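A.B. asks: First, the structure itself, so that you have it in front of you.
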Amino acid sequence: MDGLKGHIYDWLIESEEEKAAIFLENCEINQMYIDTLFSMDSDVETYMYEVIVNVPLKIYRRINEYSQEVTAIESAITESGQSNGIYVRGISWRGYLKNEHQKQSEKKAIEITQLLTQEYVDKQIRLMNNSIENNPHVALGISKELIETCCKHILNKAKVEINKDWDIGKLVKETNKQIDLMPFQVENVELAKSSIAKILSGFSNIVHGISELRNSYGTGHGHLPEFKSLDVIYIKLAVSASSELAIFYLSLEKMK
């Protein structure tokens, strides 16, 4: 049991909430980044998330019978979040068809693997560039989705199981572990690999920034009529960064 679900499971066991921990084994937990909160009197950052707990439909229909387990799990999510500098804005419970959920995950993995072609990347980059001036929120949304698609494609080909709790920063880090940074001959290979690894590490921070921009100014959430987007210069920066990373990943794939 990995990721957020495993962490909450351990928290419940440590809190002697064994019944809730057993109940959690049937659930899947997804978290969605909302915003970064800053304190006026310190440099401490708090990340705001919303959490969705997916429960098999047959259990979800009787969720009221598990009120104690639900309360314990929600408390564990909130408390563990606070201990890690995370503010959980809300927790929602949803039912799902267990077999259908697995089929959809497998289907999506196949679609992603087939999707990453030069034509697809070129099309997404054109869409982003064409949207910068008039639809900057669309450009931000596509920039994040493009990176996610590239990462999932590479991880699927490497037969790496993608944890649903991974955010885009984690996806990039795991992807970087799977790629051959130096598929061609150069002098001082280790130095070159080390330098490129540092660049990719910086890209992980850039990607996290794109994710934050997308959540606040992109297509991920609805906006009020008086909503004002970022200046175009910042949108261009995000689009340029995501485009270069996507092209880099695709180019390395072609060299294999």
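Throughout, read-outs are computed from the coordinates displayed, never taken from laboratory work. Predicted model only: the values in this text are computed from it and were never measured. Counting neighbours? That spans all protein chains shown, and the Cβs are built from the backbone with ideal geometry, glycine included.
A.B. asks: If I model the range 3-96 as equal point scatterers sitting on the Cα atoms and use the Debye formula, what is log10 I(q)/I(0) at q = 0.17, 0.22, 0.23, 0.26 Å⁻¹?
C.D. replies: Values returned for q = 0.17, 0.22, 0.23, 0.26 Å⁻¹ are -0.72, -1.08, -1.16, -1.39.
A.B. asks: Kindly flag which residue pairs out of 58/177; 157/193; 5/193; 5/123 have an alpha-carbon separation exceeding 31 Å in this structure.
C.D. replies: From the list (58/177; 157/193; 5/193; 5/123), the Cα-Cα distance tops 31 Å for 58/177; 5/193; 5/123.
A.B. asks: I need 7, 137 ordered by Cβ neighbour count within 10 Å, fewest first.
C.D. replies: Fewest to most other Cβ atoms nearby, the residues stand as 7, 137.
A.B. asks: So what J values fall out for the range 15-32 if you push phi through Karplus, 6.51 cos²θ - 1.76 cosθ + 1.60 with θ = phi - 60°, rounded to Hz, Gly and Pro as x?
C.D. replies: 8, 6, 9, 5, 4, 5, 5, 5, 4, 5, 4, 8, 9, 10, 10, 10, 10, 10
A.B. asks: What FRET efficiency comes out for the pair residue 205/residue 59, r = Cβ-Cβ distance, R0 = 35 Å, nearest 0.05?
C.D. replies: With R0 = 35 Å, the Cβ-Cβ based efficiency is 0.30.
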